[in-house]
1. So for Val47, Val21, what's the accessible-area order with a 1.4 Å probe, most first?
2. In the full protein assembly as shown, how much of Leu63 is accessible to a 1.4 Å probe, in Å² to the nearest 10?
3. May I ask you to give the solvent-accessible area per residue for the stretch 1-73, in square angstrom, as obtained with a 1.4 angstrom probe?
Amino acid sequence: MTETDTSLGYEQARDELVEVVRKLEAGGTSLEDSLALWERGEELARVCRHWLEGARARLDSALAAREAGAGEAGGAREGGGGDERDA
């Protein structure tokens, strides 16, 4: 990825990608311009994929922590501990 692309947020990259696709679908561009648009689209798709993979990793981590905490909280409740659902 280029330095500029790494600074793009997911929504920015997605919106630009939608515009690139729209231009390609509309046609009427030269072969050279179409190739440049295609390459830009590929780069934007990589940026989006990077953001989505990061989001998936964060969700997986949060779910794993929640499951681990639920297992520990269940044991604490059986031992007379308080309800930790709000923690």
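1. Val21, Val47
2. Accessible area, nearest 10 Å²: 90 Å².
3. Solvent-accessible surface per residue comes out at 76 Å².
The values are calculated or read from the model by the stated rules, or taken from the named source; none is laboratory data. Not measured: the values here are computed from a predicted model. Keep in mind that these areas ignore ligands, DNA and RNA; they rest on the heavy atoms of the full protein, side chains included. Shrake-Rupley method; radii C 1.70, N 1.55, O 1.52, S 1.80 Å.
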